[in-house]
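The values are calculated or read from the model by the stated rules, or taken from the named source; none is laboratory data. It should be emphasised that the depicted structure is a prediction, and the values quoted were computed from it without experimental measurement. All Cβ positions, glycine included, derive from the backbone under ideal geometry; neighbour counts span all protein chains shown. Side chains included, ligands, DNA and RNA excluded: accessible areas come from the protein's heavy atoms. Shrake-Rupley method; radii C 1.70, N 1.55, O 1.52, S 1.80 Å.
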Amino acid sequence: MSLKYAIALSGGIGSGKSTVASLLRLYGYQVICADSIAHKVLEENKDSVIAVFGEEILDNQGRINRKKLGGIVFSNTNLLKRLEEILHPKIKAEILEEAQREEQKKIPYFVDIPLFFEQGDYPIVNSLLISTTQELQIERLKKRNGFSKKEALSRINAQMPLEQKYKMASYVIDNCGSLESLQQELEYYLQQHLPKF
Ligand code: ADP
């Protein structure tokens, strides 16, 4: 099974992937978002996650505190692996189900998967990588998430280096300039490099 019309949208944390996803939606493209599916799957599998991480990952309303959970898994690779083992198969199944529905329309659509290249098990051939420098990733994560440099680096280092993803992507947009130039580069890609069917 291969998802013919799907284009995987990926990047590194803080590289500008969600910004591009929002622009794509504005332009009328369908974007399946792995992160929002992941949020839903995490809540649905709360019991299995608590069984591994304990009740201390809950907030005072009994919901999973994602920031706390993130703090734990990004300082311990084994625990990150355990969490991914619980959630990834379920997230993937939901993404594939939504993608199958999109395929019926026979027009290109995007699947925003932060760990597309790391996971390597999606039946998607085309990909768009949003890249940037590590310095800009750190700067944006400090601003967006209020992370310290150390917190930003632990998340960046848990991912495959962007240089490696460069070699695997069908197309790369370097998001090192202004938001305006990101928008221009995206428009150029959509006009000139979108796969033709
Ligand atoms: P990702 O989804 O890859 O983690 P985001 O799209 O959320 O990254 O971008 C991270 C942060 O950086 C956001 O706050 C976003 O507004 C900002 N950002 C992204 N691209 C640029 C840019 N070219 N110039 C300035 N800020 C940017």
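Can you pull out the residues in the range 81-128 that are of a type in the set (A, V, I, L, M) and at pLDDT below 95?
Correct list: 115 only.
Would you point out the residue of the range 134-143, among those that are open to solvent by 50 Å² or more (accessible area, probe 1.4 Å) and under 11 Å from residue 13 (Cα atoms), that is farthest from the ligand (Cβ to nearest atom)?
134
Which count do you get for residues in the range 86-121 that are surrounded by fewer than 17 Cβ atoms within 10 Å (Cβ to Cβ) and more than 16 Å from residue 35 (Cα to Cα)?
Counting residues in the range 86-121 that are surrounded by fewer than 17 Cβ atoms within 10 Å (Cβ to Cβ) and more than 16 Å from residue 35 (Cα to Cα) gives 9.
For the range 177-197, which residues satisfy the criterion of being outside any helix (DSSP H, G or I) and touching a residue at least 40 places away in the same chain (Cβ under 8 Å)?
194, 195, 197
Condition first: within 16 Å of the ligand (Cβ to nearest atom) and either exposed (fewer than 14 other Cβ atoms within 10 Å of the Cβ) or of a type outside the set (A, V, I, L, M) (or both). Now tell me which residues in the range 1-22 satisfy that.
10, 11, 12, 14, 15, 16, 17, 18, 19, 22
Considering only the range 29-51, state which residues are under 19 Å from residue 126 (Cα atoms) and either open to solvent by 40 Å² or more (accessible area, probe 1.4 Å) or of a type in the set (Gly, Ala, Ser) (or both).
29, 30, 34
Looking only at the range 69-85, count every residue that is of a type in the set (Asp, Glu) and open to solvent by less than 30 Å² (accessible area, probe 1.4 Å) and tell me the total.
So the answer is 0.
Which one of these is of a type outside the set (S, T, N, Q), surrounded by fewer than 17 Cβ atoms within 10 Å (Cβ to Cβ), closer than 19 Å to residue 155 by Cβ and under 20 Å from the mean Cα position of the chain (by Cα): 66, 25?
On the way: 25 fails: closer than 19 Å to residue 155 by Cβ.
66 is the lone residue from the list that is of a type outside the set (S, T, N, Q), surrounded by fewer than 17 Cβ atoms within 10 Å (Cβ to Cβ), closer than 19 Å to residue 155 by Cβ and under 20 Å from the mean Cα position of the chain (by Cα).
So, in the range 1-47, how many residues would count as being within 16 Å of residue 189 (Cβ to Cβ), assigned to a helix (DSSP H, G or I) and either acidic (Asp, Glu) or in contact (Cβ under 8 Å) with a residue 24 or more places away in the chain (or both)?
6
Only one residue in 124, 173, 130 is in contact with a Lys or Arg (Cβ under 6 Å, 6 or more places away or on another chain) and either under 30 Å from residue 107 (Cα atoms) or open to solvent by 70 Å² or more (accessible area, probe 1.4 Å) (or both). Which one?
Matching residue, one of 124, 173, 130: 130.
Go through the range 153-168 residue by residue and tally those that are within 10 Å of residue 74 (Cα to Cα) and part of a helix (DSSP H, G or I).
Number of matching residues: 5.
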